[in-house]
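Shown next, in structure tokens, is the structure this report addresses.
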Amino acid sequence: MSLEASLGYDEKLIFRDGLEKNHYPYPYTFAVTDRAVFVTKEKHFARESYALQRIPLTDVRQVSLVRQKPWSILTVSGLIFLFALTLIFFMMLPHWNGEPEAMSSSFPFLLAILALLMPFLAKNRRILIVETTGEVYKWKPKLIVNAKHNVWNFWRSVNCSEGRSRVLTLQKDFLQACRKVGLNVSEDRNLMNNL
């Protein structure tokens, strides 16, 4: 599916870039013109579930890039880990009691490992926020940004994969384009030095 920005008469395209399927689970596009900002929005229960939403520059209050708070991902990771340990306990209980037909699964163990890896997957994760007069648009990139979910690509995504750096570059370029058209851009200087 192609996410194209529909330009008005005599409208000048300043920036357009996005993520393709090989870098991200679904296509994602940002665009900036001399009159509007375009962001990808999900349309629920639609045949084409993603479309570009046009936001006139006059409606944009601020565009910012903020680091995700580490405590939020640690909290979610901890809860998932505790849930996985509970599943493991109840799965192993029949084995410990000597029941001969007790069943087991690798799912709880994989869930525990994923919970332990989540803080590393979310390291330096940034949230792109476009504040408008009517709503606030937030883009939190997925934790794993490789399209093929085999073991090798999963390991590469943990180890600062090319997909993760592509997401960071897209966010940085979008912020620069917004600054170029005169929008109020807020960024953490420490974040931009790490890109």
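Numerical summary
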| item | result |
| --- | --- |
| The stretch 72-115: relative contact order as a whole-number percent, Cα under 8 Å and 6+ apart | 54 percent |
| Per-residue HN-Hα couplings for the stretch 108-122 [Karplus 6.51, -1.76, 1.60; θ = phi - 60°; Hz; x = Gly/Pro] | x, 5, 5, 5, 5, 5, 4, 4, 6, 7, 3, x, 6, 5, 8 |
| Equivalent-ellipsoid semi-axes of the stretch 72-115, from the Cα gyration tensor, Å, largest first | 25, 9, 5 |
| Under 5 Å, built H, 5+ apart or other chain: amide partners of GLN62 | GLU131 |
| Other-chain or far-sequence residues with amide H under 5 Å of ARG125's (modelled H) | GLN68 |
| Under Karplus coefficients 6.51, -1.76 and 1.60, residue-wise ³J(HN,Hα) of the stretch 58-68 in Hz, glycine/proline x | 5, 8, 7, 8, 7, 10, 9, 10, 10, 6, 5 |
| Distant-in-sequence amide H partners of GLN53 (H built 1.01 Å from N, under 5 Å) | VAL39, THR40, LYS41 |
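Since every read-out is calculated from the coordinates, none of them should be taken as a lab result. Keep in mind it's a predicted model, so treat the numbers as computed, not measured.
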